[in-house]
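*Asks:* This structure is in structure tokens; I'll ask about it shortly.
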Amino acid sequence: LASHRKNAKGWDITDAPTIALMQSAREHLNPSYWQAQPLVARFEGTLEAPHWVINPAVGGERVGQVHMSSKEQVEAALQAAPLGQAEWLAMPLAKRVACFEKAADLYEDNATELFAILAKEAGKTWLDAVGELREAVDFCRYYAAQVLTLDPVSKPRGSVVAISPWNFPLAIFTGQIVAALGAGNAVLAKPAEQTPRIAAAAIHLMHQAGVPHDALHLLCGTGASVGQTLTTAGRCDMVVFTGSTDT
């Protein structure tokens, strides 16, 4: 235990039964886990045609499909975010903190599935996958603790665009979102185009933990299309992202 929060659970990847369990999940994961689509509250339109997601570690291996966000979905998310922020802020602070703690628990409860997606979609080794999940769990619990230390007079920005990278598709993705939510904002999350499935799994678990759908949206797509639209539309109050100097 840290002084103010519970540490993330560990997995021993030198233990044969542990590896067998992780490998089984990788080979027998329900096909639905390999499909990703935008998660936008209040959108009832049709989905864009799916694109294949490729395993970067095995040339040409198709590991799933993703539906990219349409202009209509981006617009729906931009409209819903302020409503979602109001709903999120109306929740008692203790309940919002409990959402982060619950998300951390759900990440650990679904660890083998998340490891499998990280390995197949992002090309992670088992060691990398374990480290990635533990960092994501630590982010949830760290920001849960930090929320309780916020100055009561501090004000959130509003709607935050969070653009995450392919190399830490669960850890940084989660850290950006939970930090923004913790400060009282609504979030429009745009994962790297290479790793939408792990992002979708994370968002599903955050919603399951109690984060309102209106306050947290998933927008799949490329940086040149969805990312560019979100950062230039002038409709959000803050952008958090990682990337190259050119980006």
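The values are calculated or read from the model by the stated rules, or taken from the named source; none is laboratory data. Keep in mind it's a predicted model, so treat the numbers as computed, not measured. Ligands, DNA and RNA are stripped out before the accessible areas are found, and what is left, the full protein with its side chains, is counted by its heavy atoms. Shrake-Rupley method; radii C 1.70, N 1.55, O 1.52, S 1.80 Å.
*Asks:* Using each residue's phi in the stretch 206-223, evaluate 6.51 cos²θ - 1.76 cosθ + 1.60 at θ = phi - 60° and report the 3J(HN,Hα) Karplus result to the nearest Hz, with x for Gly and Pro.
*Replies:* Whole-Hz 3J(HN,Hα) from phi for the stretch 206-223: 5, 4, 4, 6, x, 5, x, 4, 5, 8, 9, 10, 10, 10, 7, x, 7, x.
*Asks:* Separate question: So which of Lys6/Lys155; Lys6/Lys190; Lys95/Lys190; Lys120/Lys190; Lys95/Lys155; Lys71/Lys120 end up more than 24 Å apart by C-alpha?
*Replies:* Lys6/Lys155; Lys6/Lys190; Lys95/Lys190; Lys71/Lys120
*Asks:* Right, here's the next one. On the full set of protein chains, 1.4 Å probe, figure out the accessible area of Trp11 and give it in Å² to the nearest 10.
*Replies:* 50
*Asks:* Further question: Viscosity 1.306 mPa s, temperature 10 °C: what is the translational diffusion coefficient of the chain from Stokes-Einstein with a Kirkwood Rh over Cα pairs, rounded to a whole number of µm²/s? Each step should come with its number before you reach the end.
*Replies:* Details: Rh = 18.2 Å.
D, rounded to a whole number, is 87 µm²/s.
*Asks:* Any idea what the relative contact order of the chain is, in percent, if you count C-alpha pairs under 8 Å spaced at least 6 apart? Before the final figure, lay out the partial values.
*Replies:* Values: 456 pairs, mean separation 64.5, N = 247.
Computed over the chain, the figure is 26 percent.
*Asks:* What percentage of the solvent-accessible surface of the stretch 166-247, computed with a 1.4 Å probe over protein heavy atoms, is contributed by carbon and sulfur atoms? Please list the in-between numbers first.
*Replies:* Details: 1530 of 2920 Å².
Answer for the stretch 166-247: carbon and sulfur cover 52 percent of the accessible area.
*Asks:* Right, here's the next one. Ignoring ligands, DNA and RNA, what accessible area per residue does the chain give at 1.4 Å, in Å²?
*Replies:* I get 47 Å² per residue for the chain.
*Asks:* Another question about this same structure. If Arg134, Arg197 are ordered by their accessible area, calculated over protein heavy atoms with a 1.4 Å probe, which sequence runs from highest to lowest? Please list the in-between numbers first.
*Replies:* On the way: Arg134 90, Arg197 20 Å².
Listed by decreasing accessible area, they come as Arg134, Arg197.
*Asks:* Keeping all protein chains in the complex and leaving out DNA, RNA and ligands, what accessible area do you get for Ile172 with a 1.4 Å probe, in Å² to the nearest 10?
*Replies:* Taking all protein chains as shown, Ile172 has close to 40 Å².
*Asks:* Please report the spacing between the Cα centers of the stretch 15-59 and the stretch 145-164 in Å, no decimals.
*Replies:* The distance from the Cα centre of the stretch 15-59 to that of the stretch 145-164 comes to 30 Å.
*Asks:* Taking Cα centroids, how far is the stretch 105-140 from the stretch 213-233 in Å?
*Replies:* Result: 24 Å between the Cα centres.
*Asks:* Still on this structure, please answer the following. Give the ranking of Glu72, Glu121, Glu44 by solvent-accessible surface, highest area first, calculated with a 1.4 Å probe. Let's see the in-between values first.
*Replies:* On the way: Glu72 120, Glu121 5, Glu44 175 Å².
Greatest to least solvent exposure: Glu44, Glu72, Glu121.
*Asks:* For Arg157, what accessible surface area do you get with a 1.4 Å probe? Give it in Å², rounded to 10.
*Replies:* Rounded to the nearest 10, that gives 150 Å².
*Asks:* Then there's this: What is the extension gain from Asp128 to Leu89, computed as 0.36 nm multiplied by their sequence separation minus the C-alpha to C-alpha distance, in nm to one decimal? Walk me through the numbers on the way to the answer.
*Replies:* Details: separation 39, 0.36 × 39 = 14.04 nm, distance 3.53 nm.
Contour length minus the Cα-Cα distance gives 10.5 nm.
*Asks:* Check the straight Cα-Cα distances from Lys9 and name the aspartates and glutamates below 14 Å, setting aside those fewer than 8 residues away within the same chain.
*Replies:* Cross-link targets: Glu101, Asp105, Glu108, Asp109, Glu132, Glu135, Asp138.
*Asks:* Return the percentage of antiparallel bridges among DSSP beta bridges fully within the chain, rounded to the nearest 5 %. Could the numbers behind the result be given before it?
*Replies:* Numbers: 6 of 20 bridges.
Percentage antiparallel, nearest 5: 30.
*Asks:* Remind me, what semi-axes does the stretch 30-75 give for its equivalent ellipsoid, largest first in whole Å, using sqrt of 5 times each Cα gyration tensor eigenvalue?
*Replies:* Working: eigenvalues 122, 25, 12 Å².
Working from the Cα gyration tensor, I get semi-axes of 25, 11, 8 Å.
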